[in-house]
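*Asks:* Please see the structure below; I have some questions.
The values are calculated or read from the model by the stated rules, or taken from the named source; none is laboratory data. Since we're looking at a predicted model, the values are computed, not measured. Cβ coordinates were reconstructed from backbone atoms using ideal geometry, including for glycine residues, and neighbour counts include every protein chain displayed.
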């Protein structure tokens, strides 16, 4: 059986076959090259998810801080419920990811810094406010971003 061909044609079958090989301790038959590739991709996937969650969270924290009061004054009944829901969801998913993969904690500070420019772009696009309205660097600490009770003061 050509494992490389199976990998390219039917990934699920390739996985199932490798599970069998591992269980039967037939390690010499493993497709090492593709196993390494898949393991590396798994690590990248977790980091990508963390970055993506921070990006959305930061965008919503910025919107909360820089547009919430304006919309509340304008509409009177605006409560930011959807924003609050998104902020809560991102924090829950980040915490779940960190529980499942505790080693990601060492990337938190860098990920916060890396995610901010994209979060800023989203906030600018969604609020219509000039980019100069917002800070160039992340105005929140890691602790604030992850704190379920933290909502920045509105201007």
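*Asks:* Please enumerate the residues belonging to segment 1-13 that are in a loop (DSSP other than H, G, I, E, B) and surrounded by fewer than 12 Cβ atoms within 10 Å (Cβ to Cβ).
*Replies:* Pass one, segment 1-13, residues in a loop (DSSP other than H, G, I, E, B): 1-2, 10.
Of everything in segment 1-13, those that are in a loop (DSSP other than H, G, I, E, B) and surrounded by fewer than 12 Cβ atoms within 10 Å (Cβ to Cβ) turn out to be 1, 2.
*Asks:* Something else now. For segment 97-138, which residues satisfy the criterion of being free of Cβ contacts under 8 Å to residues at least 40 places away in the same chain, in a loop (DSSP other than H, G, I, E, B) and on the phi < 0 side of the Ramachandran plot?
*Replies:* 130, 135, 136, 137
*Asks:* Could you tell me whether any residue of segment 40-52 is farther than 27 Å from residue 91 by Cβ and assigned to a helix (DSSP H, G or I)?
*Replies:* The answer is yes; a qualifying residue exists.
*Asks:* Further question: With 61, 35, 112, 120 as the choices, which residue is surrounded by 14 or more Cβ atoms within 10 Å (Cβ to Cβ) and touching a helix residue (DSSP H, G or I) at 6+ places or on another chain (Cβ under 6 Å)?
*Replies:* Working: 61 fails: touching a helix residue (DSSP H, G or I) at 6+ places or on another chain (Cβ under 6 Å); 35 fails: touching a helix residue (DSSP H, G or I) at 6+ places or on another chain (Cβ under 6 Å); 120 fails: touching a helix residue (DSSP H, G or I) at 6+ places or on another chain (Cβ under 6 Å).
That would be 112, the only listed residue that is surrounded by 14 or more Cβ atoms within 10 Å (Cβ to Cβ) and touching a helix residue (DSSP H, G or I) at 6+ places or on another chain (Cβ under 6 Å).
*Asks:* If you don't mind, there's one more thing I want to ask. Assess whether residue 148 counts as being modelled with pLDDT of 95 or more and in a loop (DSSP other than H, G, I, E, B). So that I can check it myself, show each step before the final result.
*Replies:* Values: modelled with pLDDT of 95 or more: yes; in a loop (DSSP other than H, G, I, E, B): yes.
The answer is yes for residue 148.
*Asks:* Moving to a separate point now. Looking only at residues in segment 14-32 that are in contact with a helix residue (DSSP H, G or I) (Cβ under 6 Å, 6 or more places away or on another chain) and assigned to a helix (DSSP H, G or I), which one is modelled with the lowest pLDDT?
*Replies:* Taking the candidates together, the pick is 14.
*Asks:* Condition (residue is more than 15 Å from the chain's Cα centre (by Cα) and under 13 Å from residue 55 (Cβ atoms)) applied to segment 132-152: is it met by at least one residue? Lay out the reasoning, then the answer.
*Replies:* Quick first cut of segment 132-152, residues more than 15 Å from the chain's Cα centre (by Cα) only: 132-141, 143-144, 147-152.
After this cut, where a residue has to be under 13 Å from residue 55 (Cβ atoms) as well, the list is 138.
The answer is yes; a qualifying residue exists.
*Asks:* Condition test on residue 83, is it surrounded by 14 or more Cβ atoms within 10 Å (Cβ to Cβ), out of contact with any strand residue (DSSP E or B) (no Cβ under 8 Å at 6 or more places or on another chain), without any contact (Cβ under 8 Å) to a residue 24 or more places away in the chain and assigned to a helix (DSSP H, G or I)? Give the derivation first.
*Replies:* Values: surrounded by 14 or more Cβ atoms within 10 Å (Cβ to Cβ): yes; out of contact with any strand residue (DSSP E or B) (no Cβ under 8 Å at 6 or more places or on another chain): yes; without any contact (Cβ under 8 Å) to a residue 24 or more places away in the chain: yes; assigned to a helix (DSSP H, G or I): yes.
Yes, satisfied.
*Asks:* Taking residue 74 as meeting all but one of (1) assigned to a helix (DSSP H, G or I); (2) surrounded by fewer than 11 Cβ atoms within 10 Å (Cβ to Cβ); (3) at pLDDT 95 or above, write down the number of the exception.
*Replies:* Unmet for residue 74, out of (1) assigned to a helix (DSSP H, G or I); (2) surrounded by fewer than 11 Cβ atoms within 10 Å (Cβ to Cβ); (3) at pLDDT 95 or above: (3).
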